[in-house]
Structures are given as structure tokens and as C-alpha cells.
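Novice: Quick one: this structure, given as C-alpha cells, is what I'll be asking you about.
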Amino acid sequence: MFSSKRLGVLAHARVLLRSRRPCSLPQIASLSGSSIKSLQDAFRDPSSPFHIAPGQAGPESPDSPPSLPDPTPSQSSHPNAVGSLAENARAKLISMGYDEGSLWEQSIVWGHHDSFRHVNNAHYLRFIESGRMVWLMALGKVLGGEERVEAMLAGQGVSLILKSANINFRRPVTFPDTLLIGHRPITSSSRTQFTLNAVLYSYAQQAIVADSDSVLVWYDYDNLRKCDPGDDTWRIMKAASHDGQVEG
């Protein structure tokens, strides 16, 4: 049997339920009509992400990826535009003193993106590393030809070892794009190390998107210690530091 207190609670609940009126059909229709009108207005508003311009079609299915805007729309009407962007980038970096023989083109792929929808910062270290190897190969050819290049890349005899690196991120980079990476040495009074400066230039943005300074140490891999590479090497390095070109 229910207690008097329990019966009182049940009776109060019945009163509350009877006092509530369900939403009428006209009210439901009004809400639905309002929602449909708001959606239609969103489709017509050019500033809305739902807007579909006249003459255009929406996605084939809800899962279809959105179309990406062309970062360089002028390229489609000018076949030589891509070549012009590359030529402009090369001319810009060479005029800034970066070694023409070290210029490295790095294509940006979709997989370089992170959740922030731009190239992840960690990738820049790899991009700069590839450009640094191209610069090292150019230096090795001047110092002793292909055999010296192979030895330096393999860590045999006197070569270089990375001591430190920093990167300044100036602009975000997105797919599709190509970066042109250039290097130039900056010498000091030290006989065992120098700074290698790098810039990353975007074809799409026609601007420098990042720069870096790396400290490289001359290292004797046979004796496992840092070393002085000799006067001939430093003469080439200082000339490159002055005008940006690695020459004998």
C-alpha cells in the first residue's frame, strides 16, 4: 500500500501533467516554415558558406569535398605564368645574395597540412634540410668534384655537421604551392664553424614565407672531432659569404 505522503506526490504530478498543453499544429508548421525560409535565405546570400551562385551546381553528395580556390587564377589564362613565377622567385633570391646553385624547389602536397589547414611547422625543417644538401653538393663540387661531394654526403673525411637551427615562420603556406629555398653562408672569425642562412619563397604568394639560420661545424669524421678545413676552403666560403655564389 502507498503511504499518504506517496499518494499526495502522485496526485500533484497528475495536476502538473494535465496543466501542460501540447504544441499545436499551427505552431509546428510556423517553426518549420521559418527554418526553411532561413535556409533559403542562406542559399541566396553571397556571403554565406551555403551560397550557390546561379549557373553553379552543389556537391554530388554531402560527403563531397569542397572545391579549393585557385591561389593563382591568372595562371589558367596565361600558360607561361607558372614559369614566370619561378623565374621571378629565382631572380629575387639571387639578387638577395643566395647561391644560384643551391636553389631547391619544394612542392607542397596536401599531406603537409595539419589540423590548422596550413603546412605543419615541422615540415619546414625537412624542406630546409633538402636545400642545405643541395648547397653542400655545390660546395663539394668546387672543393674537389664529384668524389668530394660523395665523401661529404657520406660523412667521410672533412665535412659538415649540424650544430643548431632556428626558423622564423612569416606566413602560413597552403596547398597547392611550390617553395623555392636558397642558402648562403655567413662567416665570422671562427675557423671551425659558420652560419648558413636560408629563405623559403612561395610561388603562390610571391613572398618569403620563412627564414632560417643554421650553425654548421667543420668536422673530421675520420678522427671524430671538429676541425679547421684549411685556407682554400675558407677562401671559397668567404667569397660565397660576400656575393652569395659558391665559386672556385
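Novice: Any idea which of LEU143, LEU153 is under 28 Å from the mean Cα position of the chain (by Cα), modelled with pLDDT under 95 and closer than 21 Å to ASP232 by Cα?
Specialist: None of the other options fit; the residue is LEU153.
Novice: If you scan the stretch 214-243, which residues turn out to be touching a strand residue (DSSP E or B) at 6+ places or on another chain (Cβ under 7 Å), aromatic (Phe, Trp, Tyr) and within 30 Å of ASN168 (Cβ to Cβ)?
Specialist: TRP218, TYR219
Novice: Filter the stretch 128-160 down to residues that are touching a residue at least 60 places away in the same chain (Cβ under 8 Å) and either farther than 15 Å from ALA210 by Cα or open to solvent by 20 Å² or more (accessible area, probe 1.4 Å) (or both), then give me how many there are.
Specialist: Count: 11.
Novice: Can I ask one more? Can you pull out every residue in the stretch 166-192 that is farther than 19 Å from LEU93 by Cβ and either touching a Leu at 6+ places or on another chain (Cβ under 9 Å) or of a type in the set (Val, Ile, Thr) (or both)?
Specialist: Within the stretch 166-192, THR174, PHE175, PRO176, THR187, THR192 meet the criteria.
Novice: Determine, yes or no, whether SER130 is more than 18 Å from PHE194 (Cβ to Cβ) and touching a Leu at 6+ places or on another chain (Cβ under 9 Å).
Specialist: No, not satisfied.
Quick grid of which residues meet (1) of a type in the set (D, E, K, R); (2) modelled with pLDDT under 95; (3) in contact with a helix residue (DSSP H, G or I) (Cβ under 9 Å, 6 or more places away or on another chain); (4) open to solvent by 10 Å² or more (accessible area, probe 1.4 Å):
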position	(1), (2), (3), (4)
GLN193	no, no, no, yes
VAL199	no, no, yes, no
SER202	no, no, yes, no
GLN205	no, no, no, yes
LEU224	no, no, no, yes
ASP228	yes, no, yes, yes
MET237	no, yes, yes, no
GLN245	no, yes, yes, yes
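Novice: Are any of the residues in the stretch 209-216 under 12 Å from the mean Cα position of the chain (by Cα) and either farther than 16 Å from GLY131 by Cβ or not small (Gly, Ala, Ser) (or both)?
Specialist: There is at least one residue in the stretch 209-216 that is under 12 Å from the mean Cα position of the chain (by Cα) and either farther than 16 Å from GLY131 by Cβ or not small (Gly, Ala, Ser) (or both).
Novice: Restricting attention to the stretch 104-117, does a residue exist that is touching a residue at least 60 places away in the same chain (Cβ under 8 Å) and of a type in the set (S, T, N, Q)?
Specialist: Looking through the stretch 104-117, at least one residue is touching a residue at least 60 places away in the same chain (Cβ under 8 Å) and of a type in the set (S, T, N, Q).
Novice: When you check LEU125 against the structure, is it under 12 Å from the mean Cα position of the chain (by Cα) and loosely packed, with under 15 Cβ neighbours inside 10 Å, yes or no?
Specialist: yes
The values are calculated or read from the model by the stated rules, or taken from the named source; none is laboratory data. Worth saying up front: this structure is predicted, and the values here are computed from it rather than measured. All Cβ positions, glycine included, derive from the backbone under ideal geometry; neighbour counts span all protein chains shown. Quick note on the areas: whole protein, heavy atoms, side chains included, nothing else; ligands and nucleic acids left out. Shrake-Rupley method; radii C 1.70, N 1.55, O 1.52, S 1.80 Å.
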